[in-house]
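Working notes, beginning with the structure itself.
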Amino acid sequence: MNRIDFRIILITVIGLSLIVYCKICRSESMKKEHTVLIVSGHVKEPASNIDNSGATSYSGIFEYEFNDAVVRYFGDKTYRASGVHYDVILASGNLGLRERVEYANIIMPELYLEIHHDAAQAEDIERARKAGEDSPLWEDMSGFSVHYSENNPFPERSKAFAQLFADEMLMDGFKPNLYHADVEKMMCIDRFKGIYNRITPCGLYVLNNTKSPAVVIECGTIISPHEEKYLSSEETRLKIVDAINHTLVKFFKIE
């Protein structure tokens, strides 16, 4: 074999090796998991005046316990969508509001989700309590809602997740909360889906200061005796977990 033939063979081998290597790299890149930070709202033991345990349910349970009960599922691989890497923070871990945002801005997830359970104005809760558990006033305060902010660096991306998630909740039989729009005058961009744009004067710190697409989910209203019972069941919590996972798959376009 002469020197020219050897060089041709060598170049061919190198070229084929590069093609195989690129295909492997591309395959590995396609397998890369999308990152989501799922946070349970509030804290168990407040360490500053900007942190608290959240709303108190009709029966006297702190909101953070409801939030943890949903978020805790994502710590179990059984309840995770394929193709998604979950970073989970529980309220019982007592990571404060500012610290949660600082952490998010260090790891820079592709999506920040914070899970909450809703309340209402104290005077409306008291009025409904006096009217009794069967009062229709409870219904006026009930339902789930999804919140994003145009002040977030990725408002359209955040809104896209909110819309997809609301669709999932509606398909599962949840109803949207319009109390925030009708009574508290928050900016509701979609009354059929319970989606709110949280800008001033109703802004939320996590939505405005997280440097990733960010959404706050209010799973339902725990100050209502009927909805508290509904939101306390494992079946309902798993519906919410499934709705989040189905939304993540659609949001990240995972096949």
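Quick notes
- The residues on offer are G54, G75, and the sole one that is surrounded by fewer than 21 Cβ atoms within 10 Å (Cβ to Cβ) and either without any contact (Cβ under 8 Å) to a residue 24 or more places away in the chain or in the same structural domain as S149 (by TED's automatic domain parsing) (or both) is G75.
- When N245, N177 are checked against the criterion of being at pLDDT 95 or above and surrounded by fewer than 21 Cβ atoms within 10 Å (Cβ to Cβ), a single residue qualifies: N245.
- In region 207-234, the residues that are within 14 Å of V71 (Cα to Cα) and in the same structural domain as A69 (by TED's automatic domain parsing) reach residues that are hydrophobic (A, V, I, L, M, F, W, C) and surrounded by fewer than 22 Cβ atoms within 10 Å (Cβ to Cβ) with C-beta atoms within less than 7 angstrom, at least six apart or across chains, in these pairs: V216/L204.
- Residues in region 96-115 that are outside any strand (DSSP E or B) and either of a type outside the set (A, V, I, L, M, F, W, C) or touching a helix residue (DSSP H, G or I) at 6+ places or on another chain (Cβ under 7 Å) (or both): G96, L97, R98, E99, R100, V101, E102, Y103, N105, P109, E110.
- Residue check, D118 surrounded by fewer than 22 Cβ atoms within 10 Å (Cβ to Cβ) and among the acidic types (D, E): no
The values are calculated or read from the model by the stated rules, or taken from the named source; none is laboratory data. Quick caveat: nothing in here was measured; it's all calculated off a predicted structure. Methodologically, a virtual Cβ is constructed for each residue, glycine included, from the backbone with ideal geometry; neighbour enumeration extends over all protein chains shown.
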